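Comments concern the structure below.
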Amino acid sequence: MTDPRQRPRRGQGELEALVLSALREADGPVTAGWVQERLGGDLAYTTVITILTRLLDKGAVTRERVGRSFAWTPSSDHAGLAARKMRKVLDAESDREAVLASFLTGLGPDDERLLRDLLDQVHGEGED
């Protein structure tokens, strides 16, 4: 039996999203202690440090030394982080064309139209 006082485990990435959200609300670089407080203090300080370090490894945050500690800053927004994940998955595959083709065939008409519009913007519509 489970202890009814225990909270259910958070989903994978949920804590990272909460920490990133807190960092984005900050006026500038903040400490892990600030993040812990911002999240209500129910996470252990070491857990916050672990999450921040994972985010650093993923390129989602940066840090700078402040005294004996670090101040943390988000390096990208949610869209940037999702795009980084997509590139990482694509880079891990040997047949990029097959992966992209499979991705494209799974898009709905609205997403396909949006992707075409974005590609036109990036490549300068009519520049040939």
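The values are calculated or read from the model by the stated rules, or taken from the named source; none is laboratory data. Owing to the predicted nature of the structure, the values given are computational and were not obtained by experimental measurement. These area figures cover heavy atoms from the full protein model, side chains too; ligands, DNA and RNA do not enter into them. Shrake-Rupley method; radii C 1.70, N 1.55, O 1.52, S 1.80 Å.
Protein heavy-atom accessible surface, 1.4 Å probe, per residue over the chain: 77 Å².
Leaving out ligands, DNA and RNA, what percent of the accessible area of the range 46-128 is carbon and sulfur, probe 1.4 Å?
Values: 3440 of 6420 Å².
The value for the range 46-128 is 54 percent carbon and sulfur by accessible area.
Between R68 and L104, the contour length at 0.36 nm per residue exceeds the Cα-Cα span by 8.1 nm. Of all alpha-carbon pairs in the chain, indicate the percentage at a distance above 20 angstrom. I get 59 percent for the Cα pairs in the chain exceeding 20 Å. With everything on Cα atoms, drop me the angle between helix 78-91 and the longest principal axis of the chain, reported from 0 to 90° to the nearest 10. Result, in degrees: 60. Backbone phi angles across the range 50-59, fed through the Karplus curve with coefficients 6.51, -1.76 and 1.60 (θ = phi - 60°), yield HN-Hα couplings of 4, 5, 4, 5, 5, 5, 5, 4, 8, x Hz in residue order; Gly and Pro are listed as x. Over the chain, dividing the summed -39,500 (n - 2.57) contributions of all DSSP H runs of at least 4 residues by the number of residues returns a 222 nm mean residue ellipticity of -17000 deg cm²/dmol.
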